[in-house]
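Reviewing the structure listed below.
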Amino acid sequence: MVYKCAVIGCGRIGCGFDDNSKLIRTHAGAYYNNSKTILNALCDIDKSKLLKYGKKYHVTNIYTDYKEMLRKEKPELISICTLVDTHYNIVSEAIKNSVIGIFLEKPIANSLSNAKKINNLCQKNNTVLLVDYQRRFVPIYHKIKEWISTHKLGEIQKVIIYYGGGVANTGTHVFDLLYFLFGNVKKINAKKGSNSSHNISDPNLDIEVVFKNDITCSILSLDITNYGILEMDIFGTSKRLVVDMVNHTVDNYVISKKKSLIYKQIVPKKFPITKKIDEPIVSGLKHLLKCMSENKPSLCDGNQGYKSLELVVASIMSAKKNKTVHLPLQSLNYVLSSK
């Protein structure tokens, strides 16, 4: 089966990241290059983007109103690449127009209340939802998860993450990966970071996370206008992994067999998986299409999207109130801002 597809929001992740790249890093590029999808329509409030990407992808059905586009074109699969405060309304309208698959940019919504509504709508109408947390589709993270669950790292002593660009915009990626690797969170303590995100509505926070299995993680913020970094350091009792979460590479360190004066030394050893098969967004689309054909939930559905958003909201609440916040949250009405 070939699905008729549309992209709502033709900005960076919708269309723009592919402008000067041979790689496929956008929703439009993923649809355009997949034999099971036809990129049938584009929608954006910026007409210049519609003309530019309509020409690039040979799409003549271009719209500034997503409701009109959904009503006239009747796509089966859509990508929502718009600001977070629009997500719920677009999802709701898409389901009214019988869309059966939604590829939704992160975070899932601007509040836990709206996230819950999105999840319920999709479940009630058998609409397959995939929130675009791309690291779930990169093999190294599945191997790391396997090593953690089979204790190949020994006991986890500490996890440290360095990030920047705001707790909602970038931090949501971090939280989804942490949840994927280490499970549910018990409590969070956060404070405003000393290094700016340069976005007043989405600050950098320094965060201490305690998981239900008592693993602890320190999330430290940096000013990424100096240089970009998104890195995770996992300290086990028998191995250390340094994970580049941008380039998806792992430096693996094991305890040396050589004798030392006092403390044992660690030395590098090749990690068993080093390369991704496809670009993550391409793998994500393939996964979504498979879930649609089999009518199964995706690897990052509304439930997973909710949990990641909950950790963002808990961090903001902790920093605002200057106290530890325990999970799960009881209040669902906090509204956040994100790009």
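All of the numbers you see were taken from the coordinates with simple rules; none came from a lab. Values in this document were obtained by computation on a predicted structure and should not be read as measured data. Note that we place each Cβ from the backbone using ideal geometry, even for glycine, and neighbour counts take in every protein chain shown.
Side notes on the structure shown:
- Between Lys259 and Lys74, the FRET efficiency from the beta-carbon distance, with R0 = 56 Å, is close to 0.20.
- Helical contribution to [θ] at 222 nm, DSSP H n ≥ 4, -39,500 (n - 2.57), averaged over the chain, rounded to 500: -9500 deg cm²/dmol
- Label-point gap, in nm, between Lys286 and Glu208 - each point 7 angstrom along Cα→Cβ: 4.3 nm
- Spatially proximal lysines relative to Lys55 (Cα-Cα < 28 Å; intrachain offsets below 8 disregarded): Lys4, Lys22, Lys36, Lys47, Lys67, Lys72, Lys74, Lys106, Lys286, Lys339
- Backbone phi angles across segment 11-28, fed through the Karplus curve with coefficients 6.51, -1.76 and 1.60 (θ = phi - 60°), yield HN-Hα couplings of x, 4, 6, x, 9, x, 4, 8, 4, 10, 9, 7, 7, 9, 10, 10, 5, 4 Hz in residue order; Gly and Pro are listed as x.
- Share, in percent, of DSSP beta bridges within the chain that are antiparallel, nearest 5: 55 percent
- When each of Lys152/Lys212; Lys187/Lys296; Lys212/Lys323; Lys212/Lys270 is checked by Cα-Cα distance, pairs over 23 Å: Lys187/Lys296; Lys212/Lys270
- Nitroxide proxy distance, nm - points 7 Å out along Cα→Cβ at Glu146 and Ser293: 2.4 nm
- Rel. contact order, % - alpha carbon contacts under 8 angstrom, at least six apart, segment 21-136: 18 percent
- Computed label-point distance, nm, for sites Asp85 and Asn195 using a 7 Å Cα→Cβ extension: 2.9 nm
- The ranking of Tyr3, Tyr163 from fewest to most other beta carbons within 10 Å of each one's beta carbon is Tyr3, Tyr163.
- Relative contact order computed over segment 136-269 (Cα-Cα under 8 Å; 6+ residues apart), in percent: 26 percent
- Principal-axis tilt of helix 87-96 within the chain, Cα atoms, nearest 10 degrees: 50 degrees
- Per-residue 3J(HN,Hα) values for segment 156-164, derived from phi via the Karplus relation 6.51 cos²θ - 1.76 cosθ + 1.60 with θ = phi - 60°, read 6, 8, 6, 10, 10, 10, 10, 8, x Hz in sequence order (x marks Gly and Pro).
- Counting only alpha carbon atoms, the long axis of helix 302-321 and the longest principal axis of the chain meet at about 60°.
- Summary value for the chain: 20 percent relative contact order, contacts being C-alpha pairs under 8 angstrom separated by 6+ residues.
- Highest-MSF residue in the chain out of Asn226, Asn110, Asn303 [GNM, Cα springs under 10 Å]: Asn226
- Charge dipole of segment 136-269 about the Cα centre (unit charges at C-beta), most positive-ward option of Val185, Ser256, Gly165: Ser256
- Cβ charges +1 (Lys, Arg) and -1 (Asp, Glu), total dipole of segment 136-269, debye: 740 debye
- The aspartates and glutamates whose alpha-carbon is closer than 19 Å to the alpha-carbon of Lys116, local same-chain residues fewer than 8 away aside, are Asp85, Glu93, Glu105, Asp132, Asp176, Asp301, Glu310.
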